[in-house]
Amino acid sequence: MSANDLIFIGPPGAGKGTQAKRLCGKLGAPQVSTGDMLREAKTAGTELGLKVADIMAKGQLVSDEIVIGLVEERLSRPDARTGFVLDGFPRTIPQAEALDKLLLKMGRTLKHVVLLEVPDALIVERITGRRTGENTGRIYHLKYDPPPFADRGEGGERLLQRPDDTEEVVGPRLAAYAAQTAPLVAYYADKGLLRRVDGVGSLDEVSARLFAAVGV
Ligand code: AMP
């Protein structure tokens, strides 16, 4: 059986995390999110977490070396043997080249690179309305995917807002995407791997387009 090795790229707030989770459920493959890994390091107060906290809060990218090391370790674990869905990595051309090298060494090849497309005009509302359940890690949107409970209400959990999900930090995050990540679109299109998916619409509409684009 060939491995389901997939990547998600797209601007911040496009819905990569949410849709990657849905696709992982279908494929039975783990979601590998460098953003989640870095946030966990920050919450755990590790040396790495302390090192990256400031950069993340400003909406800038952490060094290629750091994230490449995290991904290398994660993809070597047994649960990634039959596939993985990378979300938020690679984000620069050097990261993409490092991933190519790593996969070559592992004897694997990428199957699809999903580009989740959402216009800048919709990004601010998507990002500032995003909340995460404190216990479950479930991602909500106050308007588009509201939790079925009041914040801290009965049967609910506390809703947290990412410190970089503010209006002030959206600008630098979009700028980092345009300058450092957008070149990956041509990089993967040249390899014939790019699958463009319109990220505007309901969660189910976007999932349906995504599943059709990757043939699941
Ligand atoms: P995300 O959850 O993917 O939006 O990532 C949140 C933040 O983590 C980003 O704004 C960066 O500061 C950092 N980050 C996550 N993934 C990467 C990556 N592949 N390269 C550099 N920085 C990253």
Fill in: Unmet requirement for Phe84, which otherwise passes all of (1) out of contact with any Asp or Glu (no Cβ under 7 Å at 6 or more places or on another chain); (2) surrounded by 15 or more Cβ atoms within 10 Å (Cβ to Cβ)
(1)
Worksheet item: Can you find a residue in segment 105-127 that is among the acidic types (Asp, Glu) and in contact with a helix residue (DSSP H, G or I) (Cβ under 9 Å, 6 or more places away or on another chain)?
Response: yes
Worksheet entry | Which listed residue is modelled with pLDDT of 95 or more and either out of contact with any helix residue (DSSP H, G or I) (no Cβ under 8 Å at 6 or more places or on another chain) or not in a helix (DSSP H, G or I) (or both), from Gly13, Gly59, Gly35, Gly49 | Gly59
Item to complete: Residue by residue through segment 1-10, note down the ones that are out of contact with any Lys or Arg (no Cβ under 8 Å at 6 or more places or on another chain) and either farther than 17 Å from Lys111 by Cα or modelled with pLDDT of 95 or more (or both).
Response: Ile7
Worksheet item: Does Gln180 meet the test of being within 20 Å of Ser33 (Cβ to Cβ), under 19 Å from the mean Cα position of the chain (by Cα) and modelled with pLDDT under 95?
Response: no
Item to complete: Only residues that are out of contact with any Ser or Thr (no Cβ under 7 Å at 6 or more places or on another chain) and either closer than 26 Å to Val169 by Cα or surrounded by 13 or more Cβ atoms within 10 Å (Cβ to Cβ) (or both): list them for segment 62-78, please.
Response: Val62, Ser63, Glu65, Ile66, Ile68, Gly69, Glu72, Arg74, Leu75
Discussion item. For segment 78-87, give me each residue that is among the aliphatic types (A, V, I, L, M), more than 10 Å from the ligand (Cβ to nearest atom) and not in a helix (DSSP H, G or I).
Written reply: Val85
Worksheet item: When Ala98 is evaluated against the numbered criteria (1) within 17 Å of Ala20 (Cβ to Cβ); (2) modelled with pLDDT of 95 or more, which criterion, by number, is the only one it fails?
Response: (1)
Discussion item. Could you tell me how many of the residues in segment 182-216 are assigned to a helix (DSSP H, G or I) and not small (Gly, Ala, Ser)?
Written reply: 14
Worksheet item: Out of all the residues in segment 103-116, which are over 27 Å from Ala14 (Cα atoms) and either surrounded by 13 or more Cβ atoms within 10 Å (Cβ to Cβ) or small (Gly, Ala, Ser) (or both)?
Response: Met106, Gly107, Arg108
Worksheet entry | Residue check for Lys26: surrounded by fewer than 18 Cβ atoms within 10 Å (Cβ to Cβ), touching a residue at least 60 places away in the same chain (Cβ under 8 Å) and part of a helix (DSSP H, G or I) | yes
Item to complete: Can you work out which of the residues in segment 24-77 that are within 12 Å of the ligand (Cβ to nearest atom) and of a type in the set (Asp, Glu) is nearest to the chain's Cα centre (by Cα)?
Response: Asp36
Worksheet item: Within the set of pairs 6+ apart or on separate chains, which have a first residue in segment 29-53 that is within 18 Å of Val169 (Cα to Cα), a second that is assigned to a helix (DSSP H, G or I) and charged (D, E, K, R), and C-beta atoms under 7 Å apart?
Response: Val52/Lys42; Ala53/Lys42
Practice prompt. Being within 14 Å of the ligand (Cβ to nearest atom) and either among the charged types (D, E, K, R) or in contact with a Leu (Cβ under 9 Å, 6 or more places away or on another chain) (or both) is the filter here, so list the residues in segment 89-112 that pass it.
Written response: Phe89, Pro90, Arg91, Thr92, Ile93, Gln95, Ala96, Glu97, Leu99, Leu102
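The values are calculated or read from the model by the stated rules, or taken from the named source; none is laboratory data. Just so it is clear, the model here is predicted, and its values are computed rather than measured. Here Cβ is always computed from backbone atoms with ideal geometry, including for glycine, and neighbour counts include all displayed protein chains.
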